[in-house]
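Asks: Structure provided below as structure tokens; questions to follow.
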């Protein structure tokens, strides 16, 4: 009998590939179907065209802002008329519907994430609960913020939404000018007192620095959660995670949703086998079992509520659940991905200069309107 081999593409971090490798090994034992996984950098994951990957791979790990583009390109197969109820009902926050576009489901959430807060339990008695505490730590040189594109834009999204003015994903104006201008000034004040290297750092780079004993970083108020750094022994220092800080009474709502979903290439020669694996790895059994045990950050509530999973992860899931449940879904239209990158660069340039915040926001709104044009 010929062994069916599927090729998959994920992202290059233990959270991205180790759970899929572990689950694929179990799947081969169960079904005889072999799945090999390649990896790409976090930067590539956030920007590389899915259509090109679909020419080479059967299974692709994607993030939800790509769905408008992949719908136009026809490079993925939708999960139509398959058993999705358990996965949909078990979603954490809006992870499952974030991959739903124009009446079809283009991927299944296998990883749930949003901007949360990271902190050093060996140095702080508790995570800061509001931005006043964050500013105090920042003035003491103890705060970092990942600001490499697109993460500066994610911070702007989160803070606008937390203040009650989430981005208008259908346009034509993405940002409320008054609120977004105030947030730009807030971000500029933080940038003025943190290490300038933050402008070139993504979340992984910040975590790697923060988890070293000699690091001065005690708090990162907005950063995409990575459960691995909450595991004992993953890095020299075990990090803690918490909900995002409150701002003037506004709770942990509006964080810019992240996470990943598993999708099936429209060019695969083994669609049935690819769908079967995707459905299993996204459902409760795999998510709270081998996926979580191998260092994954599950997208299914069965894992987030599991006592053993939380114990291993230093209560990462319980500590950040409220933020994830209140997360905001970014724009997903065809044309959004180029905007996301360009807008992040434009925002960073403006924040590092004396340009008025209002001018920065108006420029971003103009870029967004142009991204909506057919």
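Asks: Tell me, which helices (runs of 4 or more DSSP H) lie completely within the stretch 1-101 with 2 or more residues that are within 18 Å of residue 284 (Cβ to Cβ), assigned by TED's automatic domain parsing to the domain that holds residue 264 and modelled with pLDDT under 95?
Replies: Helices (runs of 4 or more DSSP H) meeting the threshold: 85-89.
Asks: Further question: What's the total number of residues in the stretch 249-289 that are free of Cβ contacts under 8 Å to residues at least 24 places away in the same chain and crowded, with 21+ Cβ neighbours inside 10 Å?
Replies: So the count comes out to 1.
Asks: Same structure again: Only one of 349, 342 is surrounded by fewer than 18 Cβ atoms within 10 Å (Cβ to Cβ), under 19 Å from the mean Cα position of the chain (by Cα), free of Cβ contacts under 8 Å to residues at least 60 places away in the same chain and within 30 Å of residue 185 (Cβ to Cβ). Can you tell me which?
Replies: 342
Asks: Say whether the condition of being closer than 17 Å to residue 93 by Cβ and not in a loop (DSSP other than H, G, I, E, B) is met by at least one residue in the stretch 264-283.
Replies: No, because not a single residue in the stretch 264-283 is closer than 17 Å to residue 93 by Cβ and not in a loop (DSSP other than H, G, I, E, B).
The values are calculated or read from the model by the stated rules, or taken from the named source; none is laboratory data. As the structure is a computational prediction, the values presented were derived from the model and not from experiment. Cβ atoms come from the backbone with ideal geometry, glycine included; neighbour counts cover every protein chain shown.
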